[in-house]
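Below is one structure, written out as structure tokens, with a few remarks after it.
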Amino acid sequence: MKICGLQKTTLIDYPGHVACTVFTAGCNFRCPWCYSKELVLPELIAEQQEIPEEKILEFLQEKQELLEGVVICGGEPTLHPDLPEFCKKIKNLGFEIKLDTNGSNPKMLKELIDQKLIDYVAMDIKLPKERYATLFANRGIRADDIEESIKILKNSPVDFEFRTTCAPTIHTPDDFEMMAKWIGQDIPGRSPKYFLQNFRPGRNIDPEFEDLRPFDDEFFVAVLAKIKPFVSDSHLRDL
Ligand code: SF4
């Protein structure tokens with residue numbers, strides 16, 4: 001695992017848990033609105049100080065009484081072939097694990113679920129299925145893999161949520177309706193929870209996003225009304 005960050009306590013990243021967050025480096029996507037570019041762009045990753053896995057495990061051992069869960073996020077954690085081994089070590093210390101993923105590696109997602117190595121999954125839905133190929137055309141991202149991950153989660157025993165970061169100039173109200181239909185109705189399985197979260201301008205991968213204004217409240221009221229018929233458990237998440 002290449003780990004480049006540790007947030008020692010979080011009360012908001014793992015629903016119902018006092019947790020810490022481990023940040024893995026490297027991502028196969030390049031979402032233009034991404035505000036974690038130091039965990040995505042190889043030239044910025046190279047400037048990060050790596051935290052040895054043993055240090056994370058030592059920290060967790062010390063915090064066994066205080067923390068209940070560990071959030072593993074990125075970048076994209078499932079790019080690391082040794083993620084299952086890392087999860088095993090964390091589970092052996094008695095923690096529950098939440099995985100944040102972009103859903104591009106259904107094979108590893110299934111392995112983690114089948115081996116009972118994760119307890120909660122937050123999966124990003126970036127775009128309607130038809131648009132994945134346009135935004136990530138040159139990165140070899142397959143919308144069928146994203147769909148496979150949705151299927152796996154909706155038919156698994158783990159708790160999960162889908163979530164979309166809503167980016168001006170990228171997403172239209174119709175996109176949200178298409179995404180909600182995709183995750184809610186088109187794919188059989190359990191009803192999902194679906195969270196929309198507003199875009200944050202800052203140090204985004206595409207500098208053009210740094211000056212964009214996030215969507216306003218009226219936009220979300222209208223979008224939630226459009227998507228609730230497909231996913232009734234849809235919400236705007238404050239960050
Ligand atoms: S938003 Fe997530 S999936 Fe997209 S580039 Fe950033 S870390 Fe990768």
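We did not get these values from a lab; they are worked out from the coordinates using the rules stated. Bear in mind that the values here come from a model prediction, so they are computed numbers and not experimental data. As a convention, Cβ positions derive from the backbone with ideal geometry for all residues, glycine included, and neighbour counts pool all protein chains shown.
Simple spin-label model, 7 Å along Cα-to-Cβ: ALA222 to ASP114 in nm?
So the two model labels end up 4.6 nm from each other.
When N is the residue count of region 126-239, what does its C-alpha Rg come to as a fraction of 2.2 N^0.38 Å?
Normalised Cα radius of gyration, region 126-239: 1.08.
If you take every residue apart from ASN92 with its C-beta less than 13 Å away from the C-beta of ASN92, what net charge results, scoring Lys and Arg +1 and Asp and Glu -1?
My count for the surroundings of ASN92 gives +2.
Using just the C-alpha positions of region 3-237 as equal point scatterers, what log10 of I(q)/I(0) does the Debye formula give at each q in 0.09, 0.18 1/Å?
Taking Cα atoms of region 3-237 as identical point scatterers yields -0.37, -1.51.
Rounded to the nearest 20 debye, what is the charge dipole size of the chain about its Cα centre when +1 sits on each Lys and Arg Cβ and -1 on each Asp and Glu Cβ?
480 debye
Taking Cβ-Cβ under 4.7 Å as the only way to count a partner, pick out the unpartnered cysteines of the chain.
CYS4, CYS20, CYS27, CYS73, CYS87, CYS166
Where Lys and Arg each count +1 and Asp and Glu each count -1, what net charge lies around GLY202 among other residues with Cβ under 14 Å from its Cβ?
Charge balance in the 14 Å sphere: -1.
Hey, which lysines would be in cross-link range of LYS154, C-alpha to C-alpha under 20 Å, not counting anything within fewer than 8 residues on its own chain?
Once the sequence-local lysines are set aside, what remains near LYS154 is LYS98, LYS107, LYS110, LYS116, LYS126, LYS129, LYS181, LYS193, LYS228.
What is the extension gain from ILE187 to ASP233, computed as 0.36 nm multiplied by their sequence separation minus the C-alpha to C-alpha distance, in nm to one decimal?
The ILE187-ASP233 span can extend by a further 15.0 nm.
Please list the non-local residues whose amide H lies under 5 Å from the amide H of LEU6, H modeled 1.01 Å from N, same-chain partners needing a gap of 5 or more.
Residues meeting the amide H criterion: PHE23.
Between GLU58 and ILE12, what FRET efficiency follows from the Cβ-Cβ distance if R0 is 25 Å, with the result rounded to 0.05?
It comes out at approximately 0.50.
Can you tally the net charge around LYS8? Count Lys and Arg as +1, Asp and Glu as -1, for every other residue whose Cβ sits under 11 Å from the Cβ of LYS8.
Local net charge: 0.
For a label point 7 Å from the Cα of ASP82 along Cα→C-beta, name the residues of region 1-23 whose backbone N is under 17 Å from it.
Zone members listed by number: 1-5, 22-23.
Apply the Karplus parameterisation 6.51 cos²θ - 1.76 cosθ + 1.60, with θ equal to phi minus 60°, to every residue of region 56-73 and state each ³J(HN,Hα) to the nearest whole Hz, in sequence, with x for glycine and proline.
Per-residue couplings from phi come out as 5, 5, 4, 4, 5, 4, 5, 9, 4, 7, 9, 9, 9, x, 10, 9, 10, 10 Hz.
Mean residue ellipticity at 222 nm from the helices of the chain, using -39,500 (n - 2.57) per DSSP H segment of n ≥ 4 over the full residue count, to the nearest 500 deg cm²/dmol?
My calculation for the chain gives -8500 deg cm²/dmol from helical runs alone.
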